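Note sheet for the following structure.
The values are calculated or read from the model by the stated rules, or taken from the named source; none is laboratory data. Being a predicted model, the structure only gives us computed values, none of them experimental. Backbone-built Cβ (ideal geometry, glycine too); neighbour counts: all protein chains shown.
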Amino acid sequence: MCIKEFYLSDSQALTDVSIDSLLRVFTVPEKAEATLNQVDRELSLDIAAFLNARVVATEKDLAEIEAEFASAVIPEEPVRVAHHIDNLMEKLVAHSVNTYAPGFIGHMTSALPYFMLPLSKIMVALNQNVVKTETSKAFTPMERQVLGMMHHLVFARAEAFYRHWLHHADGQLGAMCSGGTVANITALWVARNRCYGPKPGFAGIAKAGWSQALAAYGDRDAVVLVSERGHYSLSKAADVLGIGRDNIRSVPCTDSGSIDIQQLSDIIASCHDRGERVISLVAVAGSTETGCIDALDEMAVIAEREGIWLHVDAAWGGPALFSDKHRSLLKGIERADSVTIDAHKQMYVPMGVGMVLFRDPESQSSIRHHANYIIRQGSKDLGSSTLEGSRPAMSMLVHAGLHIFGRRGYGLLVENNIQRCKYFSTLIDMAADFELVSVPVLNILTYRYVPAPLQRWLESPENAASEVSVRVELLLNQATQILQRAQRERGQYFVSRTSLPHARQQGLLKTVFRVVLANPLTTDEILTAILQEQRELAAGPAVKVLWQEIKQLSGVALI
Ligand SMILES: *Cc1c(COP(=O)(O)O)cnc(C)c1O
């Protein structure tokens, strides 16, 4: 049987396993009407329609899904591609999360502009490796340009600066990476190596490690200071860099959710007293839970005064810089030493791309590595100063976004999100039975359902501090949890859930709905419908017992 006939046959398994048949898989697709081509066509026509048709809305139990992925044995024989795709559509795609759905406003992952899809295909087809120029050629200058544009967005240095540095072998304006986590690790890696650089008798922490570093600098320990709203990736960074998770010192926030500057100053002073060196201050610009922004200018003043590295984690909030209207929210960011921005969040690039930008293009020299076979001295290879080695050219997609949307386009998208979030917060404020918990600065807000009479009861001073109200709050936390899950299980709308410190009750956590308004397809009508569904669920059987218990405790009749 010749190979051609063999591929046209309908059998699932390849009966003739030969290197010839496998080579064919590398080069020529199966016949055009095969499932994969069909899927590809549907996707190209209308992604949202494809997902609506292929992703089932009702929740399937995770245990049931696990049963479909239960075998740990690699299949022995090759199968036809079409057979595999059929399986994939049924078992995987159908039970994925429809991130395009405009009613899913609980996460930072949302719809993508359609051009990202064919462009990703080109990226995969070219299969460049931006670790070095030999395997990426024009992709290296393109990536450096993207870093330059983003650097300019944040730091706005003079034209001559970019003319000098954009493609200079001795510097980098930043590093592209897989996301905010790696960006934060990279920033703290640079900060650490700068703090414990080489000096007479000491080769530097990069070579000599921690114990010699502390001895050479006469320090008892080394810490990083960040607000209590800092992202957990900082803790991972402290772990991998040998700083230690306990040495990420959490600084309390003010009621508005941004770092308490006075306490920050006090903590720095007490670190000095204890012989602890502060490697970096980390400011959050758009916290993951509430979207709060630290006072960047004030933190910059402290960092400059104390000679401490200032890193701004703007993984989420960075794109606000595109907007003339909201740029000022991040005032002071240009004084930072390093800044993290995620492109796979508010720049609408597919999952897997973030970046860290350095104000000083020579910063990354402290983490630079050379390997004779791959990274030579004086080369422009990006891999010499990135944590990751082999890396896809995701920057091509950021490059596309920057050109196709332009600064104004991205600015409008940001403004649209912030405006929609403000609208939602007004809806919540006006509704007697909802409580806005964090007022949005950007496009994230938190709230909860509290029947109106109970809100009044909780707010009255004699109840506020009572033992009973703590028990009521705990029951409310349960109710919020149940309502959030019930809504998710219905499948049409999704908000996420988190816990925040309670403003009135010290030590108590408040469970809240968390909403991220980033999907441009979300409409005002959807927001109204989300509140309406939550209201219906609150009147239903799922939480009835809780309302009864609350009534017994507080004497307030609810539903
Ligand atoms: C999302 C986020 C991160 C982590 O980024 P990943 O891309 O998930 O690795 C870090 N910091 C903040 C503020 C974030 O919102």
Based on what the data block shows, is ARG305 touching a residue at least 24 places away in the same chain (Cβ under 8 Å) and over 26 Å from PRO501 (Cβ atoms)?
-> no
Okay, helices (runs of 4 or more DSSP H) sitting entirely in the range 185-258 with 2 or more residues that are more than 16 Å from the ligand (Cβ to nearest atom), I get 205-208, 210-217
Those residues of the range 492-510 which are polar (S, T, N, Q) and either over 30 Å from THR58 (Cβ atoms) or in the same structural domain as LEU51 (by TED's automatic domain parsing) (or both) amount to GLN505, GLN506
For the range 345-356, state whether one or more residues are in contact with an Asp or Glu (Cβ under 7 Å, 6 or more places away or on another chain) and within 14 Å of the ligand (Cβ to nearest atom).
-> yes
Residue match in the range 317-328 (condition: within 22 Å of VAL146 (Cβ to Cβ), modelled with pLDDT of 95 or more, within 11 Å of the ligand (Cβ to nearest atom) and of a type outside the set (A, V, I, L, M, F, W, C)) | yes
Inspect the range 425-439 for any residue being surrounded by fewer than 18 Cβ atoms within 10 Å (Cβ to Cβ) and at positive phi and give the result as yes or no.
-> no
Tell me the helices (runs of 4 or more DSSP H) entirely within the range 412-499 that contain at least 2 residues that are touching a residue at least 60 places away in the same chain (Cβ under 8 Å).
-> 452-459, 467-490
Search the range 230-259 for residues that are more than 21 Å from LEU445 (Cα to Cα) and pair each with any residue that is part of a loop (DSSP other than H, G, I, E, B) and more than 16 Å from the ligand (Cβ to nearest atom) when their beta-carbon atoms are under 8 Å apart and the residues are at least 6 apart or on different chains.
-> ALA237/ILE243; ALA238/GLY244; GLY242/GLY209; VAL251/ASP260
Some residue of the range 260-280 being of a type in the set (A, V, I, L, M), within 16 Å of the ligand (Cβ to nearest atom) and out of contact with any Gly (no Cβ under 6 Å at 6 or more places or on another chain) = no
Does HIS151 qualify as being assigned to a helix (DSSP H, G or I), touching a residue at least 40 places away in the same chain (Cβ under 8 Å) and in the same structural domain as SER365 (by TED's automatic domain parsing)?
-> yes
Go through the range 520-543 and give me each residue that's of a type outside the set (A, V, I, L, M) and buried (at least 22 other Cβ atoms within 10 Å of the Cβ).
-> THR522, GLN534
State all residues of the range 234-250 that are farther than 19 Å from THR340 by Cα and basic (Lys, Arg); if no residue qualifies, say none.
-> ARG245, ARG249
Test result for ALA557, of a type outside the set (Val, Ile, Thr), touching a strand residue (DSSP E or B) at 6+ places or on another chain (Cβ under 9 Å) and part of a loop (DSSP other than H, G, I, E, B) = no
Residues GLU90, GLU59: which one is out of contact with any strand residue (DSSP E or B) (no Cβ under 8 Å at 6 or more places or on another chain), without any contact (Cβ under 8 Å) to a residue 40 or more places away in the chain and of a type in the set (Asp, Glu)?
-> GLU90
LEU173 more than 16 Å from the ligand (Cβ to nearest atom), in contact with a strand residue (DSSP E or B) (Cβ under 8 Å, 6 or more places away or on another chain), within 26 Å of ARG327 (Cα to Cα) and not acidic (Asp, Glu) | yes
Is it true that some residue in the range 489-507 is crowded, with 18+ Cβ neighbours inside 10 Å and among the small types (Gly, Ala, Ser)?
-> yes
How many residues are on the phi < 0 side of the Ramachandran plot and surrounded by fewer than 17 Cβ atoms within 10 Å (Cβ to Cβ) when one looks only at the range 198-209?
-> 7
Out of all the residues in the range 281-296, which are within 10 Å of the ligand (Cβ to nearest atom) and surrounded by fewer than 24 Cβ atoms within 10 Å (Cβ to Cβ)?
-> THR288, GLU289
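Let me confirm something: among ALA53, ALA101, which residue is modelled with pLDDT of 90 or more, part of a loop (DSSP other than H, G, I, E, B) and under 30 Å from GLY491 (Cβ atoms)?
Unique residue meeting the criteria: ALA101.
Listed here are the residues, each with its yes/no results for (1) surrounded by 14 or more Cβ atoms within 10 Å (Cβ to Cβ); (2) more than 16 Å from the ligand (Cβ to nearest atom); (3) under 29 Å from the mean Cα position of the chain (by Cα).
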residue: LYS60; (1), (2), (3): no, yes, yes
residue: SER71; (1), (2), (3): no, yes, no
residue: GLU77; (1), (2), (3): no, yes, no
residue: LYS91; (1), (2), (3): no, yes, yes
residue: LEU119; (1), (2), (3): yes, yes, yes
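Quick check, is LEU442 buried (at least 16 other Cβ atoms within 10 Å of the Cβ), touching a Gly at 6+ places or on another chain (Cβ under 8 Å) and not assigned by TED's automatic domain parsing to the domain that holds GLN346?
yes
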So which residues in the range 56-82 are small (Gly, Ala, Ser), in a loop (DSSP other than H, G, I, E, B) and modelled with pLDDT of 90 or more?
-> ALA70, SER71, ALA72
Scanning the range 381-419 residue by residue, those of a type in the set (D, E, K, R) and over 20 Å from the mean Cα position of the chain (by Cα) turn out to be ASP381, ARG407, ARG408
ALA303 within 16 Å of the ligand (Cβ to nearest atom) and small (Gly, Ala, Ser) | no
Near pairs, Cβ below 6 angstrom, 6+ apart or cross-chain, from the range 210-227 (assigned by TED's automatic domain parsing to the domain that holds LEU264 and surrounded by 24 or more Cβ atoms within 10 Å (Cβ to Cβ)) to any residue that is among the basic types (Lys, Arg) and not in a loop (DSSP other than H, G, I, E, B) = ALA222/ARG277; LEU225/ARG249
